[in-house]
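The values are calculated or read from the model by the stated rules, or taken from the named source; none is laboratory data. Given the structure is predicted, the values throughout are model-derived calculations rather than measurements. Every residue, glycine as well, gets a Cβ built from its backbone with ideal geometry; the counts of neighbours run over all protein chains shown.
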Amino acid sequence: MKVITMESSAYQALTEQIAEIAKYVRKDGNGNGNGYGKQEAATDRLIGTNEAARLLNVSKRTLQRMRDEHRIKYAVFRGKCQYRLSDINRLLESCTIKEDAATPEALKHNYSLRMGKDKG
């Protein structure tokens, strides 16, 4: 085993450079991401109708109705509907009743969901 010695200022500079590299790697690879890296790319992947219906726990017909009512965004590739996973997650979040409704907006959101006045 070799022991390498260096000045504390050189060590400090080296650790700062490593921290900058780590920060860059956490971003999208181009240095202009928002810190989520591959997780955000995976969230925005496209999924088919069967998987989207399974994630939303609805039938394919209900999913079609949601498309017709413009409640969910979709794209058509080669005649098949595809959905962004981020849109599925957004829809689930907007339809979730929040237990810790401390703000007036959260209370209004919960009330509208419970009364069936879903904005989608």
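A few notes on this one:
- Single residue of the range 73-97 satisfying the filter (over 15 Å from the mean Cα position of the chain (by Cα) and aliphatic (A, V, I, L, M)) that is farthest from residue 111 (Cα to Cα): 76
- Among the residues of the range 4-52, the ones that are at pLDDT 80 or above and touching a Gly at 6+ places or on another chain (Cβ under 9 Å) come to 2 in all.
- Residue that is modelled with the lowest pLDDT [pool: residues in the range 94-109 that are surrounded by 11 or more Cβ atoms within 10 Å (Cβ to Cβ) and assigned to a helix (DSSP H, G or I)]: 109
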